[in-house]
Each structure stands twice: as C-alpha cells, then as structure tokens.
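**Student:** The structure that follows is given in the form of structure tokens.
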Amino acid sequence: MVQRKGKGSRGKDPQRTENLRKRIPKIIEELEQLYPDARLELEYENAFQLLIEAILAAQESDKKVNHLAKTLFKKYRSPEDVVRVPLDELEKDISSINFYRRKAKLLKNCCQGLIDIFGGEVPRTVEEMTKLPGVGRKTANMVIGGAYGLPAIIVDRHVMRVSQRIGLTSQKDPDKIEFELMELIPEDMRTKFSFLLLNHGKTICTARDPKCSECPICDLCDSCNIKL
C-alpha cells in the first residue's frame, strides 16, 4: 500500500498527537455504521469461559474454538474442574485445537493461579489478570472488555494492523501499541474502538489486498491507496 504524504509516523509531536485524537470520534462514527453490533467472535457466557477460549484461540480460528466450547463447558464449569482432571484427559478434550498439548498445560497453570491467587474468581483488572501464568495483556484486555464491559484496548493482529495503517501508531510491539492507543482514545471508547478495528481488520482492512475502495475511513487513513 502507498502511504500518502503528510501523514507519516506519529513520533512525539504534540500537535500530531492532538490531530490523531481528533480523528478518533470520526473513525468510531464511521465504523459503527458499518459494524453496529461489533463484538468478539468468541461465544461465551462469563469471564471464566472467555479466559479459557482466549487461551485456546491463540493461532486457532474463533469458529473452531466456539465449536469446541459447546461441549467443553458442560464438563469444565470452573477452574477447579480444569485443575482436577488428569493432563492427558484435558489434552484429549481439546485435541481438535492447534497446539492442544501446550494449551492444556497453559489452562491447568492458569486455572491453578486463579484458585491460588484469586480464590477461583476471574479478576477485573489487567494488572491482576496478568499475574496468572500464561496470560498476557492482550488476553487480559479481551476478558476485561469482552466479559466485564470495562475499558480495554485489545491489541490482536487485526487491531495492530489497522491502527498501524491508519497512522495511530508506528510501534510493532503489541504492548507498546496498547499504551500509545490509550493516550489517544478516551477511556469510555476504548473497548468499542477495539471491537470496531477488530471487525474492520477481518472484513475490509485485511492483511492481504485490503478493500480500500469499500472503506468508510479511507480519508482518515495514512495508508489508503485510493486518491481522495
């Protein structure tokens, strides 16, 4: 994609930062019209289920995780259930998922942490949740925003790609991108913004051959390859 002149890397320019902040409401307004029901594609009933699904979804499709979840949570209703079963039994139960052996160990360690640190309850802050073994900021924000409806910047590969293309960040590290976006996006808009960019990255601003001619925020994007 060809980057248009005059909208380079954000850098540390205060005026540039303020200009980017002014873009955010318009970006949200335009994308809301395109995705009025923007949300995570994972299907869950509570924070525990979403945490388990987020771990399973690494390098796996949400569709396959959702299919597995229909039967998985009939057996595993709590962290105690995950900890209680033998590892090989848990591996068998999630064997339809990529890297199931590694993920089975992650699930056991995470659920043991939930019990030991938080009495079996899924915490409501990123700082607390990242104390759990194998849980990074992306997973924590996904649970905070998706299950609890709290402000969260969820930097998955789609949010990363779209925010870079728009010109909101030039960072490549997900955690650094999260903190840069936190500087730009009002707290009460963060979760919605994440869901919108996630949906946009899956449908229009795709990794290959983005559909710039169909994009409603092309005039707000540094990387739009359509002359406006």
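**Student:** Does any residue in the stretch 75-98 that is under 16 Å from residue 60 (Cα atoms) come within less than 8 Å, Cβ to Cβ, of a residue that is among the charged types (D, E, K, R) and assigned to a loop (DSSP other than H, G, I, E, B) six or more places away or on a different chain, and which pairs are these?
**Tutor:** 97/60; 98/60
**Student:** Now for a separate question. Could you look through the stretch 28-40, keep only residues that are part of a loop (DSSP other than H, G, I, E, B) and in contact (Cβ under 8 Å) with a residue 40 or more places away in the chain, and pick out the one that is surrounded by the fewest Cβ atoms within 10 Å (Cβ to Cβ)?
**Tutor:** 39
**Student:** Name every residue in the stretch 128-172 that is more than 23 Å from residue 59 (Cβ to Cβ) and under 16 Å from the mean Cα position of the chain (by Cα), in order of residue number.
**Tutor:** Once the filter is applied, which keeps residues that are more than 23 Å from residue 59 (Cβ to Cβ) and under 16 Å from the mean Cα position of the chain (by Cα), the stretch 128-172 yields 148, 149, 150, 151.
**Student:** Counting only residues that are touching a helix residue (DSSP H, G or I) at 6+ places or on another chain (Cβ under 8 Å) and under 21 Å from residue 120 (Cα atoms), which one in the stretch 65-76 is surrounded by the most Cβ atoms within 10 Å (Cβ to Cβ)?
**Tutor:** 76
**Student:** Can you tell which of 94, 52, 153 is among the β-branched types (Val, Ile, Thr) and touching a Lys or Arg at 6+ places or on another chain (Cβ under 6 Å)?
**Tutor:** Result: 153 is the single residue among 94, 52, 153 that is among the β-branched types (Val, Ile, Thr) and touching a Lys or Arg at 6+ places or on another chain (Cβ under 6 Å).
**Student:** Next up: Looking at 90, 107, which is the one that is buried (at least 19 other Cβ atoms within 10 Å of the Cβ), farther than 27 Å from residue 191 by Cβ and outside the structural domain of residue 206 (by TED's automatic domain parsing)?
**Tutor:** 90
**Student:** Something else about it: Do any residues in the stretch 115-133 that are assigned by TED's automatic domain parsing to the domain that holds residue 103 and on the phi > 0 side of the Ramachandran plot have Cβ atoms under 9 Å from those of residues that are outside any loop (DSSP other than H, G, I, E, B) and not aliphatic (A, V, I, L, M), where the two are at least six apart or on different chains, and which pairs are they?
**Tutor:** Here the result reads 120/48; 120/79; 120/80; 120/111, each pair linking the stretch 115-133 to a residue that is outside any loop (DSSP other than H, G, I, E, B) and not aliphatic (A, V, I, L, M).
The values are calculated or read from the model by the stated rules, or taken from the named source; none is laboratory data. Just so it is clear, the model here is predicted, and its values are computed rather than measured. Glycine gets a Cβ as well: all are built from the backbone with ideal geometry, and neighbour counts include every protein chain shown.
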